[in-house]
Amino acid sequence: MPLLLEADPDEAKVQAYCRTGQVWVMETDTICGVAVLQAVEEEPEPTAEIMNIAIKPGLQGKGMGKQLLNFLIAEAERQGVQRLQVATGNSSIGQLAFYQKAGFELLRLERHYFTKNYSAPIIENGIHCRHRLVLELLLP
């Protein structure tokens, strides 16, 4: 749970999507990363969302996040997903670059999502996280 909370500070939300999604753990000698993939709709095209992806803070920047993301993309494709989505905050500068480098493109902006759905303010990179950005990758 602590690693999942690195990417999403709302424990109740994390617990809810862990119950309904597929949880994947990356291990070496110990747990170094975790991700949650959840189907969101079947029609008109099979769509899944990466609900959470996190790498242990001391291991970030070593390519493990990219490995985990590539695994999730391959797994979604194996499951017949045609649209893979991920959402992040307007203040998540590094995450936005990370997903765009992997081919994800901006799908929509959900204004004031974090201010309406999270009880405590989220500040990242000196920026108040207010809006949710949804990105999408079309799979073959």
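The values are calculated or read from the model by the stated rules, or taken from the named source; none is laboratory data. Please read all numbers here as calculations on a predicted model, not as lab measurements. Here the Cβ is made from the backbone with ideal geometry for all residues, glycine too, and neighbour counts use every protein chain on show. Ligands, DNA and RNA are stripped out before the accessible areas are found, and what is left, the full protein with its side chains, is counted by its heavy atoms. Shrake-Rupley method; radii C 1.70, N 1.55, O 1.52, S 1.80 Å.
Can you tell me which condition residue 74 does not meet? The list is (1) under 19 Å from residue 14 (Cβ atoms); (2) without any contact (Cβ under 8 Å) to a residue 12 or more places away in the chain, and all the others hold.
Condition (1) is where residue 74 drops out.
If you go through segment 40-53 one residue at a time, do you hit one that is under 23 Å from residue 13 (Cβ atoms), modelled with pLDDT of 95 or more and of a type in the set (Gly, Ala, Ser)?
Taking every residue of segment 40-53 in turn, at least one turns out to be under 23 Å from residue 13 (Cβ atoms), modelled with pLDDT of 95 or more and of a type in the set (Gly, Ala, Ser).
So for segment 125-140 (the condition being free of Cβ contacts under 8 Å to residues at least 12 places away in the same chain and of a type in the set (S, T, N, Q)), does at least one residue qualify?
no
If you scan segment 93-140, which residues turn out to be outside any strand (DSSP E or B), over 21 Å from residue 45 (Cβ atoms) and in contact with an Asp or Glu (Cβ under 7 Å, 6 or more places away or on another chain)?
118, 131
Name the residue that is most open to solvent (accessible area, probe 1.4 Å), counting only residues in segment 92-113 that are within 20 Å of residue 13 (Cα to Cα) and within 14 Å of the chain's Cα centre (by Cα).
Here the answer is 95.
Filter segment 1-10 for residues that are open to solvent by 70 Å² or more (accessible area, probe 1.4 Å) and under 19 Å from residue 115 (Cβ atoms) and give the result. Step through it out loud before you land on a result.
Kept after step one, since they are open to solvent by 70 Å² or more (accessible area, probe 1.4 Å), are these residues of segment 1-10: 1-2, 6, 9.
Scanning segment 1-10 gives a single hit, 9.
Within segment 21-28, is even one residue part of a helix (DSSP H, G or I) and open to solvent by 50 Å² or more (accessible area, probe 1.4 Å)? Before the answer, list the steps.
Just the residues of segment 21-28 that are part of a helix (DSSP H, G or I), to begin with: none.
Within segment 21-28, none of the residues are part of a helix (DSSP H, G or I) and open to solvent by 50 Å² or more (accessible area, probe 1.4 Å).
So residue 16 ticks every box in (1) part of a helix (DSSP H, G or I); (2) touching a residue at least 12 places away in the same chain (Cβ under 8 Å); (3) closer than 28 Å to residue 128 by Cα but one. Which box is left unticked?
For residue 16, the failing item is (2).
Within segment 37-76, count every residue that is in a strand (DSSP E or B), open to solvent by 70 Å² or more (accessible area, probe 1.4 Å) and of a type outside the set (A, V, I, L, M).
The first filter runs over segment 37-76 and keeps only residues in a strand (DSSP E or B), leaving 37-41, 47-55.
Filter once more, keeping what is open to solvent by 70 Å² or more (accessible area, probe 1.4 Å): 39, 41.
From what is left, the residues that are of a type outside the set (A, V, I, L, M) are 41.
Summing the residues that are in a strand (DSSP E or B), open to solvent by 70 Å² or more (accessible area, probe 1.4 Å) and of a type outside the set (A, V, I, L, M) in segment 37-76 gives 1.
Considering only segment 98-116, state which residues are farther than 24 Å from residue 140 by Cβ and without any contact (Cβ under 8 Å) to a residue 12 or more places away in the chain. Show your work before the answer.
If we filter segment 98-116 for residues that are farther than 24 Å from residue 140 by Cβ, which is where we start, we get 109-116.
Matches in segment 98-116: 116 only.
Scanning segment 126-140 for residues that are under 18 Å from the mean Cα position of the chain (by Cα) and not aliphatic (A, V, I, L, M), which turns out farthest from residue 97 (Cα to Cα)? Break it down into steps so the answer makes sense when it comes.
Just the residues of segment 126-140 that are under 18 Å from the mean Cα position of the chain (by Cα), to begin with: 129-139.
Within this subset, residues satisfying the condition of being not aliphatic (A, V, I, L, M) are 129-132, 136.
Numbers: 129: 16, 130: 18, 131: 16, 132: 15, 136: 13 Å.
Taking the candidates together, the pick is 130.
Inspect all residues belonging to segment 77-90 and state whether any of them is among the β-branched types (Val, Ile, Thr), in a loop (DSSP other than H, G, I, E, B) and surrounded by 16 or more Cβ atoms within 10 Å (Cβ to Cβ).
yes
If you go through segment 3-25 one residue at a time, do you hit one that is in contact with a strand residue (DSSP E or B) (Cβ under 6 Å, 6 or more places away or on another chain), closer than 22 Å to residue 124 by Cβ and polar (S, T, N, Q)?
There is no residue in segment 3-25 that is in contact with a strand residue (DSSP E or B) (Cβ under 6 Å, 6 or more places away or on another chain), closer than 22 Å to residue 124 by Cβ and polar (S, T, N, Q).
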